[in-house]
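Single-structure report; data block below.
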Amino acid sequence: MRRHTLTAAALLALATLTACSSGDDTTGAAAKPKASATSKPAAPKATATKPAGIPSPDAAQTAALVRSLSAIKPALGTDEEKAVSRSRNVCLDVQQGKDAATLASNAKARFEGGDAGTLTLDQGEQIVEAVKTSFCK
């Protein structure tokens, strides 16, 4: 009799655990669609590296820009992609009507570092002028 009582108790415990487990699985299954609905990957942005609404230089304008930047300091024109990206941000500042001192300071900050090293405010002004004359009208 004692053996039947222990077996019955074990089966009851197992049934209870199984019932709890299936309750959790239902909750987990119900939660999964919500999680997948909110974690859908965003559509890729074609202009992730190019701020919208800012002019982008064509091939001839890019060549002129890189030549002008290289004349200011050779390292400024070595990476064309970076030069264009940073120049587009300078152009945005120009389009926003920022004053000359802010334009020069922002251009200096955007272009200095790495191989270019430290730039002067005068070089920042020259960068702004190179951007304006090459493509940012």
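Miscellaneous remarks
- Heavy-atom accessible area per residue - the stretch 46-137, 1.4 Å, Å²: 53 Å²
- Net length available on complete extension from LEU121 to SER85 is 11.0 nm, with 0.36 nm assigned per residue and the Cα-Cα distance removed.
The values are calculated or read from the model by the stated rules, or taken from the named source; none is laboratory data. All values reported here derive from a predicted model rather than from experimental measurement. The accessibility values were calculated without ligands, DNA or RNA, using every heavy atom of the protein model including side chains. Shrake-Rupley method; radii C 1.70, N 1.55, O 1.52, S 1.80 Å.
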